[in-house]
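The values are calculated or read from the model by the stated rules, or taken from the named source; none is laboratory data. As the structure is a computational prediction, the values presented were derived from the model and not from experiment. With ideal geometry, Cβ positions are generated from the backbone for all residues, glycine too; neighbour counts draw on all protein chains shown.
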Amino acid sequence: YEAAYAKKIPETILGETFLEQYINHDDSVTVIDPKRTYGVLASARHPIYENFRVKAFKALLTADVSNEQLLALGELMYQCHYSYDACGLGSDGTDRLVKLVQEMQNSKLSKAENGTLFGAKITGGGSGGSVCVIGKNCVRSSEQILE
């Protein structure tokens, strides 16, 4: 993708430019606003890298359970979340929840405490939904979420 296509995809496109080049988009549910600027590159990039992240996540699930495994799974979840958000599909509420998990995780790491939360991402429908958090299966994880 990076070698063959990424440089050919514009970061954004004006609706008017899209309609001039492609005439329509074969979607009877949505309308292209000629005056709106649409993100193209982030939306093209997301499913490609998401596929890789899902495969890596699946492979990590078969590894021995350890903090390193949970940190790697959590990092993939954060990458998924921010990639999805770059497409314009996130929401302020889910972004805030993911940021709170990151802050809790980072505060525990910087204090050399035993953190139990490792990552978070939006899940469910676009532009909202819910947040999935990965943590150790213990009471302290629930307490950290409530904090």
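Kindly check whether there is at least one residue in the range 36-46 that is crowded, with 16+ Cβ neighbours inside 10 Å, under 16 Å from Gly119 (Cβ atoms), among the basic types (Lys, Arg) and under 22 Å from the mean Cα position of the chain (by Cα).
No: zero hits.
The rows are residues; the columns are (1) in contact (Cβ under 8 Å) with a residue 60 or more places away in the chain; (2) assigned to a helix (DSSP H, G or I); (3) under 26 Å from Thr12 (Cα atoms); (4) of a type in the set (S, T, N, Q).
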{"residue": "Ala44", "(1), (2), (3), (4)": "no, yes, yes, no"}
{"residue": "Leu60", "(1), (2), (3), (4)": "no, yes, no, no"}
{"residue": "Asp64", "(1), (2), (3), (4)": "no, no, no, no"}
{"residue": "Gly74", "(1), (2), (3), (4)": "yes, yes, no, no"}
{"residue": "Tyr78", "(1), (2), (3), (4)": "no, yes, yes, no"}
{"residue": "Gly88", "(1), (2), (3), (4)": "no, no, yes, no"}
{"residue": "Gly119", "(1), (2), (3), (4)": "no, no, no, no"}
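Consider Glu50 carefully, then state whether it is acidic (Asp, Glu), in the same structural domain as Val133 (by TED's automatic domain parsing) and under 29 Å from Val139 (Cβ atoms). Full working, then the answer.
Numbers: acidic (Asp, Glu): yes; in the same structural domain as Val133 (by TED's automatic domain parsing): yes; under 29 Å from Val139 (Cβ atoms): no.
Considered against the rule, which asks whether it is acidic (Asp, Glu), in the same structural domain as Val133 (by TED's automatic domain parsing) and under 29 Å from Val139 (Cβ atoms), Glu50 comes out as no.
Kindly list, by first and then second residue, each pair from a residue in the range 13-31 that is outside any helix (DSSP H, G or I) to a residue that is among the polar types (S, T, N, Q), limited to pairs with Cβ atoms under 7 Å and residues at least 6 apart or on different chains.
As it stands, the answer is Leu14/Thr37, since those pairs meet every condition given.
Answer with yes or no whether Arg53 is surrounded by 10 or more Cβ atoms within 10 Å (Cβ to Cβ), among the charged types (D, E, K, R) and within 21 Å of the chain's Cα centre (by Cα). Spell out how you get there, then give the answer.
Working: surrounded by 10 or more Cβ atoms within 10 Å (Cβ to Cβ): yes; among the charged types (D, E, K, R): yes; within 21 Å of the chain's Cα centre (by Cα): yes.
When the stated conditions are applied, Arg53 passes them.
Output yes when any residue across the range 66-86 is among the hydrophobic types (A, V, I, L, M, F, W, C), modelled with pLDDT under 95, under 24 Å from Gly129 (Cα atoms) and within 12 Å of the chain's Cα centre (by Cα), and no when none is.
yes
Restricting to the range 1-12, name every residue that is in a helix (DSSP H, G or I) and loosely packed, with under 11 Cβ neighbours inside 10 Å. Please lay out each step first, then the result.
Step one: filter the range 1-12 for residues in a helix (DSSP H, G or I), giving 6-8.
Selection gives Lys7, Lys8.
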